[in-house]
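Chemist: This structure is in structure tokens; I'll ask about it shortly.
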Amino acid sequence: MSRIGKKPVSVPSGVTVSIDGQTIAAKGPKGQLEVTLVDDVLAKMDDDGVLVEPRDKSKKARSAWGMSRTLVSNIVEGVEKGFERKLEINGVGYRAAVQGKVLQLALGYSHDVNFEIPEDVQIVCPKPTEIVVTGISKQRVGQVAANIRKWREPEPYKGKGIKYAGEYIVRKEGKKK
């Protein structure tokens, strides 16, 4: 039984939420987003906010209940505050810089990696070894950060590569004579 699904999604001031069948749209100071829920759940407006309920007692409906509530919560939070993901670069000579709509990454390859910045996210580099990805969609911010990290994932011996801020890299012991 979902416990997170029982909790209503509160709608803060400055954010408007509209429900049209299975499509829920949120509009706020950062922009607007919408999500289409599966047919097994029902969303309705309440005094407390948006309430998501399963349509019946089936296992499929109860499985989709908590996830659907979280999707609604993410779009409401995204249009109000937005989301941010920080990446750290470790390694000698590894660095990043934003030039126009392109993120340039020097990651030890024979050439620089040019990563096109999508329209719906913003990328800034406060330091040459730090990348900050921001946007209103939690899914898009996470996916863009994962695509950047994929160019040089952290290796377990020296920890070189691109890692999420706060991520712990499990180290391995090197060769012994």
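Chemist: If I filter region 5-25 down to residues being hydrophobic (A, V, I, L, M, F, W, C) and out of contact with any Ser or Thr (no Cβ under 7 Å at 6 or more places or on another chain), which single residue comes out as farthest from Phe83 (Cα to Cα)?
Modeler: Step one: of region 5-25, the residues hydrophobic (A, V, I, L, M, F, W, C) are 9, 11, 15, 17, 19, 24-25.
Still in the list and also out of contact with any Ser or Thr (no Cβ under 7 Å at 6 or more places or on another chain): 11, 15, 17, 19, 24.
On the way: Val11: 17, Val15: 16, Val17: 19, Ile19: 23, Ile24: 19 Å.
Here the residue is Ile19.
Chemist: Among Leu33, Leu51, Leu42, Leu71, which is the only one that is outside any strand (DSSP E or B) and either touching a residue at least 24 places away in the same chain (Cβ under 8 Å) or touching a strand residue (DSSP E or B) at 6+ places or on another chain (Cβ under 6 Å) (or both)?
Modeler: Leu71
Chemist: Got a number for residues in region 3-52 being small (Gly, Ala, Ser) and buried (at least 19 other Cβ atoms within 10 Å of the Cβ)? Spell out how you get there, then give the answer.
Modeler: Taking region 3-52 first, the residues small (Gly, Ala, Ser) are 5, 10, 13-14, 18, 21, 25-26, 28, 31, 43, 49.
From what's left, buried (at least 19 other Cβ atoms within 10 Å of the Cβ): 5, 26, 28, 43.
Counting residues in region 3-52 that are small (Gly, Ala, Ser) and buried (at least 19 other Cβ atoms within 10 Å of the Cβ) gives 4.
Chemist: Is there a residue in region 52-59 that is hydroxyl-bearing (Ser, Thr, Tyr) and farther than 30 Å from Pro128 by Cβ?
Modeler: First pass over region 52-59, keeping only residues hydroxyl-bearing (Ser, Thr, Tyr): 58.
From what is left, the residues that are farther than 30 Å from Pro128 by Cβ are 58.
Yes, there is a match, as at least one residue in region 52-59 is hydroxyl-bearing (Ser, Thr, Tyr) and farther than 30 Å from Pro128 by Cβ.
Chemist: Which residue, of Lys44, Lys86, Lys81, is touching an Asp or Glu at 6+ places or on another chain (Cβ under 9 Å), at pLDDT below 95 and not acidic (Asp, Glu)? Spell out how you get there, then give the answer.
Modeler: Working: Lys86 fails: at pLDDT below 95; Lys81 fails: touching an Asp or Glu at 6+ places or on another chain (Cβ under 9 Å).
Going through Lys44, Lys86, Lys81 in turn, the sole match is Lys44.
Chemist: Restricting attention to region 80-113, which residues are within 30 Å of Val9 (Cβ to Cβ) and touching a Ser or Thr at 6+ places or on another chain (Cβ under 9 Å)?
Modeler: Narrowing region 80-113 to residues within 30 Å of Val9 (Cβ to Cβ): 80-87.
Residues satisfying the conditions are Gly82, Phe83, Glu84, Arg85.
Chemist: Now for a different question. Take the conditions over 17 Å from Lys6 (Cα atoms), of a type outside the set (Ser, Thr, Tyr) and either assigned to a loop (DSSP other than H, G, I, E, B) or outside the structural domain of Pro154 (by TED's automatic domain parsing) (or both) and apply them to Gly66. Does it pass?
Modeler: Details: over 17 Å from Lys6 (Cα atoms): no; of a type outside the set (Ser, Thr, Tyr): yes; either assigned to a loop (DSSP other than H, G, I, E, B) or outside the structural domain of Pro154 (by TED's automatic domain parsing) (or both): yes.
Answer is no for this residue.
Chemist: Among all residue pairs at least 6 apart or on different chains, which show Cβ distances below 6 Å where the first residue, located in region 87-113, is in the same structural domain as Pro154 (by TED's automatic domain parsing) and within 12 Å of Gly161 (Cα to Cα) and the second is of a type in the set (Ser, Thr, Tyr) and in a loop (DSSP other than H, G, I, E, B)?
Modeler: Close Cβ pairs satisfying both conditions: Ile89/Thr129; Leu107/Tyr94.
The values are calculated or read from the model by the stated rules, or taken from the named source; none is laboratory data. A quick note: this is a predicted structure, and the numbers were derived from the prediction, not measured. Virtual Cβ from ideal backbone geometry, glycine too; neighbours counted across all protein chains shown.
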